[in-house]
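Asks: I'd like to ask some things about the structure below.
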Amino acid sequence: MLGNCLKTGVLMAAIMALFGVVGALLGGGQGMLLALLLAAAMNLWAYWFSDTMVLKLYRAREVDANSAPQLYSTVAELAGRAGLPMPKVYLIDEAQPNAFATGRNPEHAAVAATAGILQLLTARELRAVLAHELSHVRHRDILTSTVTASIAGAISTLAHFGMFLGGGDGERRNPLVALLVLILAPIAAVLIQLAISRGREYEADRGGAELSGDPHALADALAKIDRYAQGLPLETAETHPATAHLMIVNPLSGSALAGMFSTHPPTEERIHRLLAMAA
């Protein structure tokens, strides 16, 4: 776990450094300062408001022990085992089986599940999936993924602005530099974001298996969700693909090439690791 945290920290530092370099190339010292200030402002906004925005996008409705007894009681039991405050619980009226956690910290967390996942999974499998999501909460992965997503988006925006401003400072502006930044910077930002997101998914699988005490159930759940999700589109995720990284399984349709740039690691590899844990 320490190694994964160190890797995430290094990758976070890399994407912040990339943000500063892009700003410097496009606007010199002032450009770097502006870029870092923009990054700080975006991170602050993401820290406070991203959770409510995502829940509204998916039209999630909050439920309790009366309206969704199985979902609510399972989250409550697992939160108690993990030593976490009870998160808010939401239901999304979508057929695609999926789930996600959001919130800036464990004290302001929410767990959301689709109607499809409640219908598809057994009680054991659902418990393992919710343990995976609470593992994200415990490790504060939601904040990490939100920050990296916002910075990656800001890098792309800066790069596009650079095409109009030219690269460099004053007389040293070079349109060729701006063109290279436009092409390479967003790709580098996305690759770093993917590395962070995939590493966090593996760690949440491990943490979820330990919390539920049932790695086999999580492996079975991932296989089911992946199989059914491919044939059931999730329109909100398709419209807002930046939210796809939150889900336990990639909700987006696409080709094998698109899968190479997925925020989620291959489901087969995730299942393999879980079965190795069980063994």
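A short reminder: the numbers here are calculations on the coordinates, not readings from a lab. Note that the coordinates shown come from a computational prediction; the quantities given were computed from them, not determined experimentally. Ideal geometry is used to build each Cβ from the backbone, glycine not excepted, and the neighbour counts take in all protein chains shown.
Asks: Please give the peptides 119-130, 231-242 ranked by average Cβ packing (other Cβ atoms within 10 Å per residue), highest first, as a rough proxy for protection. Spell out each step's value before the answer.
Replies: Details: 119-130: 20.4, 231-242: 14.8.
Ranking, from highest mean packing down: 119-130, 231-242.
Asks: Another one. Using θ = phi - 60° and the Karplus curve 6.51 cos²θ - 1.76 cosθ + 1.60, what whole-Hz ³J(HN,Hα) does each residue of the range 233-244 get, with Gly and Pro shown as x?
Replies: Calculated HN-Hα couplings, in order: x, 10, 4, 5, 5, 5, 6, 10, x, 5, 8, 5 Hz.
Asks: Listed highest first by mean packing, meaning other Cβ atoms within 10 Å per residue, what order do 58-64, 91-97, 132-138 come in? Each step should come with its number before you reach the end.
Replies: Working: 58-64: 15.9, 91-97: 20.1, 132-138: 25.1.
Ranked from most to least packed, the peptides come out as 132-138, 91-97, 58-64.
Asks: Using a cut-off of 15 Å between beta-carbons, work out the net charge of the residues near Gly231 (Lys and Arg +1, Asp and Glu -1, Gly231 not included). Intermediate results must be reported in sequence, preceding the final value.
Replies: Details: positive: Lys224, Arg227; negative: Glu94, Asp226, Glu235, Glu238.
Taking every other residue near Gly231 into account, the sum is -2.
Asks: Could I ask something else about it? Using packing as a proxy for protection, rank 196-205, 48-57 so that the peptide with the highest average count of other Cβ atoms within 10 Å comes first. Spell out each step's value before the answer.
Replies: Numbers: 196-205: 22.2, 48-57: 15.7.
Averaged packing, sorted descending, gives the order 196-205, 48-57.
Asks: How much net charge surrounds Ala112 when only the other residues with a Cβ under 12 Å from the Cβ of Ala112 are counted, with Lys and Arg +1 and Asp and Glu -1? Don't skip to the end; give the middle numbers.
Replies: Numbers: positive: Lys56, Arg59, Arg61, Lys88; negative: Asp51, Glu62, Asp93, Glu94, Glu133.
With Lys, Arg at +1 and Asp, Glu at -1, the neighbours total -1.
Asks: Another question, then. Find out how many positive minus negative residues lie around Ile271, taking Lys and Arg as positive, Asp and Glu as negative, among other residues whose Cβ is under 10 Å from that of Ile271. Kindly include the intermediate steps, with their values, before the conclusion.
Replies: Details: positive: Arg270, Arg273; negative: Asp205, Asp220, Asp226, Glu268, Glu269.
With Lys, Arg at +1 and Asp, Glu at -1, the neighbours total -3.
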